[in-house]
Amino acid sequence: MAHLFRTPQYSFIGADALADAATVFPRLGKKALIVTGQSMIRQGHVATLEALLDREGVDHARFSEITGEPTDTMIDAGLAVYQQEACDFAIGFGGGSALDAAKAIAVCAQTGEEITEFRGRAIDGSVAPVVCIPSTAGTGSEATKFTVITDTAADEKLLIGGDGLMPTLAIVDPQFSLEMPQSVTVATGMDALAHAIEAYASRKAYAESDLFCLAAVKRIFANLPRVYADGSDAQARSEMALAAYEAGVGIANSSVTVVHGLSRPIGALFHVAHGISNAMLLAKTLVYIADGALDRFAALGRAIGVATDADSDAVATEKFLAAVDALCATCKVPTLAEYGIDRDAFFARMDKMATDALASGSPADTRKALDKDDLLRIYESLWD
């Protein structure tokens, strides 16, 4: 069976990637909307981007109201600026929220529809060109065909996907992640790890996606503890930026599975950042599903060096799961209670969360067959 392998049309990765990629901007349009947040402006990064656009003769406008994970109301506001300024492409510059917002604005600009109208629909047609420049090392949105937007009326995070959402240009320049605080470093790093593990263990995985997933998992285990201990470690930051891109390519060509399915409702209902929600779920969810893909988890254990070919798949899987648990402990990933989520409130909304998780489709890509009762059991285990 043949597979369509998807990546951005252009990818610039490494030191000085932004400066080197700037020559591509004129090919994308005459005026860019820069979708970003205030921190990127304060740090001077947006001014750097604007100077490069000026150098290349590309006009630009700003939408800098990305104040958290993107909502439909943010997208509406950004779209209004895009249209008022007569932009013809979008640049997402910042964390995953800015990148996802830029994708959503480009879709709405091209189609004339509101972003919530794409619930359950694939975006396979052409959209306005999108440039993604991440300042964190986790979401991998610069290399995926997805955007996650909160429907504020339904209090639900929508996973919207399709080949039309693949960025035209990805710029992975590690200089922008050097100022990440430790908490964001952990949340985004664990998000990237979840992407790589889930995509490798997904029903949709295949040989080419496996290459990127395995590379990302090895890179994250080697470098996340380093950047957690020393955020100024430029080499480890560069490795994590590359790992996030690799993991993004992994999910773009395979899929996320139950971890992300369970995570989105927690984020929507309890306003937990996406990366940290995945981190809090990861270890116990993998324990629950591991018996459905022992060969896959065993291969991951051997890839990171905690297991050998002499180990059975069951033993190698146990060693890998222990390594995930140890990494979470090293990076001080909190429990739900430590994060401040009320247990009674969580249990009161658990049925809705499991229903929403199942409806997202992500759990169905898990190799172990899961139903709503399984999802409820995983949610309950988070409090053990």
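The values are calculated or read from the model by the stated rules, or taken from the named source; none is laboratory data. Remember, predicted model here, so these are calculated numbers, not experimental data. Cβ sites come from the backbone with ideal geometry, for glycine too, and all protein chains shown count toward neighbours.
When the helices (runs of 4 or more DSSP H) confined to the range 187-283 are screened for residues that are free of Cβ contacts under 8 Å to residues at least 40 places away in the same chain and farther than 30 Å from D342 by Cβ, those reaching at least 1 such residues are found at 207-229, 234-253. Kindly establish whether M240 is within 29 Å of T355 (Cα to Cα) and buried (at least 23 other Cβ atoms within 10 Å of the Cβ). For M240, the condition - within 29 Å of T355 (Cα to Cα) and buried (at least 23 other Cβ atoms within 10 Å of the Cβ) - is not met.
In the set (1) surrounded by fewer than 19 Cβ atoms within 10 Å (Cβ to Cβ); (2) at pLDDT 95 or above, A359 fails one condition alone, (2).
Taking the residues in the range 78-92 that are over 18 Å from the mean Cα position of the chain (by Cα) and closer than 11 Å to V35 by Cα as candidates, determine which candidate is surrounded by the most Cβ atoms within 10 Å (Cβ to Cβ).
Within the range 78-92, the subset over 18 Å from the mean Cα position of the chain (by Cα) is 78-90.
Going one step further and asking which of them are closer than 11 Å to V35 by Cα, we end up with 78-79, 81-82, 89-90.
Values: G78: 26, L79: 23, V81: 17, Y82: 25, F89: 24, A90: 33.
Checked the range 78-92; the qualifying residue surrounded by the most Cβ atoms within 10 Å (Cβ to Cβ) is A90.
Whether a residue is touching an Asp or Glu at 6+ places or on another chain (Cβ under 7 Å) and either within 20 Å of P70 (Cα to Cα) or outside the structural domain of A283 (by TED's automatic domain parsing) (or both) was assessed, and D163 passes this test.
Identify, from the list V256, V227, the residue that is within 18 Å of L159 (Cβ to Cβ) and in contact with a Ser or Thr (Cβ under 6 Å, 6 or more places away or on another chain).
Values: V227 fails: within 18 Å of L159 (Cβ to Cβ).
Going through V256, V227 in turn, just one is within 18 Å of L159 (Cβ to Cβ) and in contact with a Ser or Thr (Cβ under 6 Å, 6 or more places away or on another chain): V256.
Among the listed residues A61, A32, identify the single one that is surrounded by 20 or more Cβ atoms within 10 Å (Cβ to Cβ), touching a strand residue (DSSP E or B) at 6+ places or on another chain (Cβ under 8 Å) and either modelled with pLDDT of 95 or more or not in a loop (DSSP other than H, G, I, E, B) (or both).
From the options A61, A32, the qualifying one is A32.
All of (1) under 22 Å from the mean Cα position of the chain (by Cα); (2) at pLDDT 95 or above; (3) assigned to a loop (DSSP other than H, G, I, E, B); (4) buried (at least 17 other Cβ atoms within 10 Å of the Cβ) hold for A307 with one exception: (1).
Here K332 meets each of (1) surrounded by 13 or more Cβ atoms within 10 Å (Cβ to Cβ); (2) within 22 Å of the chain's Cα centre (by Cα) with one exception, condition (1).
Quick test for you: out of G95, G164, pick the one residue that is among the small types (G, A, S), farther than 20 Å from T257 by Cβ and surrounded by 24 or more Cβ atoms within 10 Å (Cβ to Cβ).
On the way: G164 fails: surrounded by 24 or more Cβ atoms within 10 Å (Cβ to Cβ).
Result: G95 is the single residue among G95, G164 that is among the small types (G, A, S), farther than 20 Å from T257 by Cβ and surrounded by 24 or more Cβ atoms within 10 Å (Cβ to Cβ).
Exactly one residue out of T67, T73 is assigned to a helix (DSSP H, G or I) and not hydrophobic (A, V, I, L, M, F, W, C), and it is T73.
Considering only residues that are of a type in the set (A, V, I, L, M) and more than 15 Å from the chain's Cα centre (by Cα), look in the range 243-279 and name the one that is farthest from A137 (Cα to Cα).
The qualifying residue farthest from A137 (Cα to Cα) is L269.
For the range 114-170, name all the residues that are under 18 Å from I251 (Cα atoms), among the hydroxyl-bearing types (S, T, Y) and in a strand (DSSP E or B). Answer for the range 114-170, where residues must be under 18 Å from I251 (Cα atoms), among the hydroxyl-bearing types (S, T, Y) and in a strand (DSSP E or B): just T147.
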